[in-house]
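The values are calculated or read from the model by the stated rules, or taken from the named source; none is laboratory data. Predicted model only: the values in this text are computed from it and were never measured. Positions of Cβ are generated from backbone atoms using ideal geometry, with glycine treated the same way; all protein chains shown enter the neighbour counts.
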Amino acid sequence: MMPDILGMILWPFRWAIEALLVGFHWVLTQVGMTPTDGWTWVLAITGLVLVVRAALIPLFVRQIKSQRKMIEVAPDLKRIQDKYKGKRDQFSREAMTRETMALYGKHGTSPFSSCLPLVFQMPVFFGLFTTLSNAAKGDAGIGFMNSDLSLNFGAATIFGSAPLHAAMSTAGGNAVVIWTAGVMVVLMTASQFITQKQIMSKNISKAMKESPTYKQQQILLYILPLVFLFSGFAFPLGVMMYWLVSNFWTMGQQFVVIRNMPTPGSEAYHAWEARQEKKNVRKGIITEPDAIEEVKPAQRQQPMGKNRAKRGKGKK
C-alpha cells in the first residue's frame, strides 16, 4: 500500500522531470552533442537543476525573511529559555513549548522555514532516482521518456565506464564509479560547508550568535558531511550530479545574498555599508553638512522681588 501512495505522490514530479530531461537532451543533440553520450545527459540534469532552483527562488526569499525574523525573536526566545532553565518537569516543558510557539506565531516565523527549499527538492531527488532506476532496467517512463530514450539514459556513462544509474552500493567493484562518487561526495561536502560557514561567520548578528539556534546550526555544519557520505554510497551518480550542481547553485546564490542583502548587524552588513558609502562618495552623493552657527543662549534675567521693583520705579 505504501509504495502505491509514494508512487502517486511522485507521479507529477516524475512526469515533469522526464519532460525537462528529454527537452534539454533534445536541445543539446540539436547543437551537435552525441545523444548516447553520458555528458549529454549530465548537462540535461544540469538544466533540470537550473529550472528547479529558479522555481524555488520565491521559497528562498521566504527563507531569508524567516531567518531575519528569527534574529529578531532571538532575545525573546533566550528569555523564555532562561525562564525555564533547570526546570525539567512536564508542566514547565509544556509551558516553554507553548510560549515558544506563541512567539513564533506572533512574528510569523518558524525554525523549520529554513528547510523549505530542501524539503521541496526531496520529491525531485526521489523522482530522478526512480527515473534512473527504471532506465537502468530499460523500462519506459510515465511521460516523455519512451523506451529508446530510457535505454539511452540507462546505458549512458561518464569517464568511459561509470554509468549514471550506478552507485557505490551497486558498483560491483567498478573503480571508476567508486572514485567518481567519492570525488563528488568531497565536492558536495566542501560546497555545503563553505555555504554554511559564510552564513555563520559573516551573515549572523551578535544577538543571533548568542541564541541556541546558532549552536544548532554549528552542530549541523559537521553532521551534514555524514549525510553526503550516505548519499554517496546509496544514490546513483545521476542523482548525485543533480545534488552537486544544486549545491553549487546554493553557494553562488548565498554569496550574492550575503553581499547585497546582508543581515542587519552582521559583519557582512557593516562591509555592505562601507561599500555603499564608498560608492556614494564616488558618485558625489555625500556632501559635507553645512556649518551651523552656534547660538549663544540668552542671559537669564534674574527675577526681582517687590521691594526691588518699587525702588527701580522710584528712580525713574
**Prompt:** Of the conditions (1) farther than 28 Å from HIS165 by Cβ; (2) part of a helix (DSSP H, G or I), THR29 fails just one. Which one is it?
**Reply:** (1)
**Request:** Out of GLN276, GLN254, GLN299, GLN216, report the one residue that is more than 30 Å from THR40 (Cβ to Cβ) and at pLDDT 75 or above.
**Result:** GLN276
**Fill in**
Reported set for segment 171-188 where residues are free of Cβ contacts under 8 Å to residues at least 40 places away in the same chain and in contact with a helix residue (DSSP H, G or I) (Cβ under 8 Å, 6 or more places away or on another chain) is ALA171, ILE178
**Message:** Go through segment 19-28 and report how many residues are free of Cβ contacts under 8 Å to residues at least 40 places away in the same chain and surrounded by 15 or more Cβ atoms within 10 Å (Cβ to Cβ).
**Reply:** 3
**Message:** Filter segment 218-276 down to the residues that are surrounded by 14 or more Cβ atoms within 10 Å (Cβ to Cβ), assigned to a helix (DSSP H, G or I) and small (Gly, Ala, Ser) and list them by number.
**Reply:** SER231, GLY232, ALA234, GLY238, SER246, ALA268, ALA271
**Request:** Go through the residues of segment 43-51 one by one and say whether even a single one is farther than 18 Å from PHE125 by Cα, assigned to a helix (DSSP H, G or I) and at pLDDT 90 or above.
**Result:** no
**Complete:** Apart from one, (1) crowded, with 16+ Cβ neighbours inside 10 Å; (2) closer than 17 Å to LEU229 by Cβ all hold for SER169; the odd one out is (1)
**Message:** Can you say whether VAL124 is closer than 30 Å to LEU56 by Cα, out of contact with any Asp or Glu (no Cβ under 9 Å at 6 or more places or on another chain), free of Cβ contacts under 8 Å to residues at least 12 places away in the same chain and assigned to a helix (DSSP H, G or I), as far as the supplied structure shows?
**Reply:** no
**Fill in**
Scanning segment 59-111 residue by residue, the ones that are outside any helix (DSSP H, G or I) and modelled with pLDDT under 75 total 3
**Asked** Across segment 131-146, what is the total count of residues that are buried (at least 21 other Cβ atoms within 10 Å of the Cβ) and either in contact (Cβ under 8 Å) with a residue 60 or more places away in the chain or in a loop (DSSP other than H, G, I, E, B) (or both)?
**Response** 4
**Message:** For segment 29-49, which positions are within 32 Å of the chain's Cα centre (by Cα) and free of Cβ contacts under 8 Å to residues at least 60 places away in the same chain?
**Reply:** LEU43, ALA44, GLY47
